[in-house]
Amino acid sequence: MIPAAVGDVRSAWQADSERFEQLFDEVGRIAQAARQAIEAGRPQELGELMDQNHALLYDMGVSSPELEQLVWAARVAGAQGAKLCGGGRGGNMIALVENENAPAVARALGAAGAKRTILTQVG
């Protein structure tokens, strides 16, 4: 069974393929740039790319009010970048956070309605 968000994107693409092809191309460009930022150890650049990717996913209709609230809360609390992840509309998101900001971002996410936060360190 195809998740609703995926089916909705397919329908929107069929209705306006030129616009969606441009969105898909931009998502691909961002993914390549994000890989380069990770490999080069440039977290600030990666955070900006995460934000750009989230905006494109929003434009595709994959986000939800709950996800928007969580992404916004993370950014306001000090995340370098935040975006939805997974199939969309499911309430999963990821935030890139410096160690010293992690507790504040986790608290902000909880206050914004997150059921659970998982802190991990990449090193």
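The values are calculated or read from the model by the stated rules, or taken from the named source; none is laboratory data. Just so we're clear, the structure is a prediction, and the values are computed from it rather than from any experiment. Note that we place each Cβ from the backbone using ideal geometry, even for glycine, and neighbour counts take in every protein chain shown.
In the range 54-86, of all residues being of a type in the set (S, T, N, Q) and either modelled with pLDDT under 95 or part of a strand (DSSP E or B) (or both), the one that is nearest to the chain's Cα centre (by Cα) corresponds to S63. Look at (1) crowded, with 17+ Cβ neighbours inside 10 Å; (2) under 11 Å from the mean Cα position of the chain (by Cα); (3) not aliphatic (A, V, I, L, M) and you find that R89 fails only one, number (2). Within the range 95-106, being more than 14 Å from V76 (Cβ to Cβ) and buried (at least 18 other Cβ atoms within 10 Å of the Cβ) holds for L96, A102.
Would the range 6-23 turn up any residue that is closer than 28 Å to E100 by Cα and either exposed (fewer than 14 other Cβ atoms within 10 Å of the Cβ) or modelled with pLDDT of 95 or more (or both)? No, the range 6-23 contains no residue that is closer than 28 Å to E100 by Cα and either exposed (fewer than 14 other Cβ atoms within 10 Å of the Cβ) or modelled with pLDDT of 95 or more (or both).
When the range 20-49 is filtered for residues that are assigned to a helix (DSSP H, G or I) and either touching an Asp or Glu at 6+ places or on another chain (Cβ under 9 Å) or on the phi > 0 side of the Ramachandran plot (or both), the ones remaining, listed by number, are L23, A33, A34, Q36, A37, P43.
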